[in-house]
1. With (1) over 18 Å from Val2 (Cα atoms); (2) more than 12 Å from the chain's Cα centre (by Cα); (3) open to solvent by 50 Å² or more (accessible area, probe 1.4 Å) as the list, and Leu47 as the residue in question, which single condition is left unmet?
2. Would you tally the residues in region 1-41 being on the phi > 0 side of the Ramachandran plot and at pLDDT 95 or above?
3. Could you identify the single residue in Ser27, Ser50 that is under 24 Å from Gly101 (Cβ atoms) and not in a strand (DSSP E or B)?
4. So Val63 passes all but one of these: (1) in contact with a strand residue (DSSP E or B) (Cβ under 8 Å, 6 or more places away or on another chain); (2) in contact (Cβ under 8 Å) with a residue 60 or more places away in the chain; (3) part of a loop (DSSP other than H, G, I, E, B). Which condition number does it fail?
5. Residues of region 65-85 being charged (D, E, K, R) and surrounded by 14 or more Cβ atoms within 10 Å (Cβ to Cβ), which ones?
6. Please pick out the residue among Gly15, Gly108 that is touching a residue at least 12 places away in the same chain (Cβ under 8 Å), surrounded by 13 or more Cβ atoms within 10 Å (Cβ to Cβ) and small (Gly, Ala, Ser).
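The values are calculated or read from the model by the stated rules, or taken from the named source; none is laboratory data. Remember, predicted model here, so these are calculated numbers, not experimental data. Heads up, the Cβs are rebuilt from the backbone with ideal geometry, glycines too, and the neighbour counts pull from every protein chain shown. Note: accessible area is taken over every heavy atom of the protein model, side chains too, but ligands, DNA and RNA are not part of it. Shrake-Rupley method; radii C 1.70, N 1.55, O 1.52, S 1.80 Å.
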Amino acid sequence: QVQVVESGGGLVQPGGSLRLSCTASGSIFSRYFMAWYRQAPGKQRELVASLTKDGKTNYADSVKGRFAISRDNAKNTVYLQMNSLKPEDTAVYYCNAWSAGSTYWGQGTQVTVSS
């Protein structure tokens, strides 16, 4: 069983930045496909960014050029650097780890962008 824990959410003004962190347990973290999703009130959960074990990234069009996903395999951690935040980025952000056909979710961290 892989445990996934997110941190780093909070309240930020429009135009500000936040960095989310996600730690996943397991000795083969470097092989995990990692992703960040978000879910705003009344909306479906959507993919924000993903990162393969080989370092290939993918981003939702709405965050391209503003968000960056990265990983530190030595720390079993994946990050989501969020810059130029907008009110429409407000959501609960979830980290997802996929490995060997199984998917694991964290509990989510709230990001609120408001003045």
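1. Exception for Leu47: condition (2).
2. 3
3. Values: Ser50 fails: not in a strand (DSSP E or B).
Selected residue: Ser27, the only one of Ser27, Ser50 that is under 24 Å from Gly101 (Cβ atoms) and not in a strand (DSSP E or B).
4. Only one criterion in (1) in contact with a strand residue (DSSP E or B) (Cβ under 8 Å, 6 or more places away or on another chain); (2) in contact (Cβ under 8 Å) with a residue 60 or more places away in the chain; (3) part of a loop (DSSP other than H, G, I, E, B) is unmet by Val63, namely (2).
5. Keep residues of region 65-85 that are charged (D, E, K, R), which gives 66, 71-72, 75.
The answer is Arg66, Arg71.
6. Numbers: Gly15 fails: surrounded by 13 or more Cβ atoms within 10 Å (Cβ to Cβ).
After ruling out the rest, the residue left standing is Gly108.
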